[in-house]
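For reference, the structure discussed in these notes is given below.
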Amino acid sequence: MSERSETSVGVIGGGIGGLASALYLLQSDFDVHVYERAGAVSDVGAGVQVSPNASRVLHRLGLAGELARVGVRPVAMHQRRWDDGRTLVRTPLGDVVVEAFGSPHYQIHRADLLAILARALPKDRVHLAHRLVALADRGDRVEVMFENGATAAVDVLVGADGIHSTVRGLLFGEKRPRFTGCAAYRGLVPAERLEHLDLELTTQLWMGPGRHFVHYFVRNQQLVNFVAVVEQDSWTRESWTDRGNVADAVSAFTGWHPQVREILHSVDETFIWALFDRAPLPQWSSGRITLLGDACHPMLPFMAQGAAQALEDAAALTSCLRRRRARPIEESLRLYETARRPRASRVQSLSETNKTRFHLPDGPAQRERDEQMASGGTAFSIKAVDWIYAHDASVLVAPTARP
Ligand code: FAD
């Protein structure tokens, strides 16, 4: 049972992690306010895979119906070879994951997911056009200041402000994330344009030398989302995300299977993202301030777990703070970090490993990988991801959290 109190929490950042944590905390009777630098809660036109460990968290927030309304449930994850389309491994999802883990695997438009979270929050809890620029931990409260001149004082501050987190920079010093040597073209194609391909209801991941391609349906199968990842030596653009050139994306996949090329050819516009990450941070919290999501564990999207881990953080943080009468806030935040850091770091490093695995040039190592995949011994077999999908982040600390 939660304890009613007036403990106030300021959440910096209205992305998936920030909104979900605000909702979780609000449902546990915290006095929560979200501060988002943008003038609207919105996201890029792209998809996101919501694995069972993440949908479990969203279901707990009472969002199962909303998710089912816009989400697409793939029947399988189909990993294929880049040129001839040969199946490397086909991992069942659909009802199989529901039976195995008690919650579904969804593919969702990011804007749909954010809208679901935003609708569930009372409007007066989300403050748009509030860019955090300064903070001070006074010991008994945290004071924050925004670019627009507004200020606030809260009992707990949560930095859910993404990979370039201002909160992290102010707490632990500014350190630029590292370029991973990969860039991703992302786009959405109206499904009716691709009807002739007769795409199956799977998440498809095509692996080839130095690149890979992922596509799946979102928004009630009205759109096909793709992510086309290419290796490159450096990132010289000013911004880390930019409008991409469709012709460049098509030419990067010369010689690939016609299905991949057809999807790329059919898109009207594409965005290119430089993929950055960080080595696991030694520390997430200081005093009454902590971090969540990409602010503390940005990762390559090669396990499709970045948003999922942010959602797990939201559930775990709430579990830790709920027993707030039993222990000081600082201790609750340490408990949260202790509970979450090893798991998030493990997913971070696995995501990095997948860069090599997905992008092997054709040759002996690739053949060995393909044989392993065929035998089911890879990171995408249901057995191998059990530790990720079966995890219930909200009960993570329950045994030690009791007063
Ligand atoms: P963000 O989504 O970055 O949100 C941070 C928010 O903070 C933003 O709204 C920003 O405007 C705001 N903000 C920043 N600075 C300030 C400030 N100073 N003051 C106030 N507000 C501020 N994950 C999955 O789980 N599944 C997938 O399939 C998947 N696919 C991906 C594909 C690609 C190509 C990429 C690049 C990522 C993918 N991810 C996926 C990862 C996922 O997108 C991120 O991990 C997730 O969005 C992180 O959420 P967040 O809330 O921590 O941060």
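What follows is calculated from the coordinates using simple rules that are stated; it is not laboratory data. Values in this document were obtained by computation on a predicted structure and should not be read as measured data. Reconstructed Cβ throughout: ideal geometry from the backbone, glycine too, with neighbour counts over all protein chains shown.
Extending 7 Å from the Cα toward the beta-carbon at both Glu99 and Asp248 defines two label points whose distance is 4.6 nm. Calculated from the alpha-carbon coordinates, the chain shows an Rg and a Dmax of 21.0, 63 Å respectively.
Projecting the Cα positions of Val34, Val50, Ala20 onto the charge dipole of segment 3-53 (unit charges on Cβ atoms of Lys, Arg, Asp and Glu, taken about the Cα centre) puts Val50 furthest along the positive direction. Each of Arg119 and Asp386 was given a label point 7 Å from its Cα along the Cα-to-Cβ line. The distance between the two points is 3.7 nm.
Apply the Debye scattering formula to segment 64-110, with a single equal point scatterer on each alpha-carbon and no solvent, then give log10 I(q)/I(0) at q = 0.14, 0.19, 0.20, 0.22 Å⁻¹. Values returned for q = 0.14, 0.19, 0.20, 0.22 Å⁻¹ are -0.43, -0.68, -0.72, -0.80. With no solvent and one point per C-alpha, what does the Debye sum give as log10 I(q)/I(0) for segment 317-369 at q = 0.19, 0.22, 0.31 Å⁻¹? So the normalised log intensities work out to -0.69, -0.80, -1.06. Charge dipole (Cα centre; +1 on Lys/Arg Cβ, -1 on Asp/Glu Cβ; no other charges) of the chain amounts to roughly 860 debye.
Taking only the alpha-carbon positions of segment 248-393 and ignoring solvent, what does the Debye formula give for the base-10 log of I(q)/I(0) at q = 0.13, 0.17, 0.19 Å⁻¹? Rounded to two decimals, the profile gives -0.76, -1.05, -1.17.
When the chain is treated as a Gaussian network with alpha carbon springs shorter than 10 Å, the biggest mean-square fluctuation among Gly102, Gly62, Gly363 belongs to Gly363. For the chain, a Gaussian network of Cα nodes joined below 10 Å ranks Thr202, Thr356, Thr270 by mean-square fluctuation, and the top entry is Thr356. About its Cα centre, the dipole of segment 34-174 is roughly 440 debye, where the only charges are +1 on Lys and Arg Cβ and -1 on Asp and Glu Cβ.
Straight-line cross-link reach from Lys355 at under 24 Å between alpha-carbon atoms covers these lysines, not counting any fewer than eight positions away in the same chain: Lys175, Lys383. Each of Cys296, Cys320 has some number of other Cβ atoms within 10 Å of its Cβ, and from fewest to most they run Cys320, Cys296.
Projecting the Cα atoms of Ile116, Trp235, Ser394 onto the charge dipole of the chain (Cβ charges, centred on the Cα centre) puts Ser394 farthest toward the positive pole. Multiplying the residue separation of Arg327 and His164 by 0.36 nm and subtracting their alpha-carbon distance yields 55.6 nm. What separates the Cα centres of segment 254-325 and segment 200-237 is a distance of 16 Å. Using θ = phi - 60° in the Karplus curve 6.51 cos²θ - 1.76 cosθ + 1.60, the 3J(HN,Hα) couplings for segment 179-194 round to 6, 7, x, 10, 10, 10, 7, 10, x, 10, 10, x, 4, 5, 5, 10 Hz; x is entered for Gly and Pro. Here the translational diffusion coefficient of segment 114-205 follows from Stokes-Einstein with Rh set to the Kirkwood radius across Cα pairs; for 4 °C and 1.567 mPa s it amounts to 73 µm²/s. Residues of segment 161-175 with backbone nitrogen within less than 13 Å of a virtual label 7 Å along the Cα-to-Cβ line of Ser286, please, listed as ranges. The answer is 166-175, whose backbone nitrogens lie closer than 13 Å to the label point. For segment 37-177, the square roots a ≥ b ≥ c of the C-alpha gyration tensor eigenvalues yield an a/c of 1.5 or more together with a/b exceeding b/c, which makes the shape prolate. With a Förster radius of 56 Å, plug the Cβ-Cβ distance of Arg86 and Glu143 into 1/(1 + (r/R0)^6) and report the FRET value to the nearest 0.05. Given R0 = 56 Å and the Cβ-Cβ separation, E is 0.40. When every Cα-Cα distance of segment 283-367 is counted in 10 angstrom steps from zero, the calculated P(r) takes the values 18, 40, 22, 12, 6, 2 percent. In a reduced charge model with +1 at each Lys and Arg Cβ and -1 at each Asp and Glu Cβ, segment 108-148 shows a dipole moment near 180 debye about its Cα centre. Exposure proxy ranking for Lys383, Lys355, based on other Cβ atoms within 10 angstrom of each Cβ and starting from the fewest, stands as Lys383, Lys355.
A simple spin-label model places pseudo-atoms 7 Å from Cα toward Cβ; at Ala64 and Glu174 they are separated by 4.7 nm. From its DSSP helices (H runs of at least four residues, each -39,500 (n - 2.57)), the chain gives a residue-normalised ellipticity at 222 nm of -10000 deg cm²/dmol.
Out of every Cα-Cα pair that segment 22-95 contains, those further apart than 21 angstrom amount to 52 percent. Using C-alpha pairs below 8 Å separated by at least 6 residues, the relative contact order for segment 246-360 is 25 percent.
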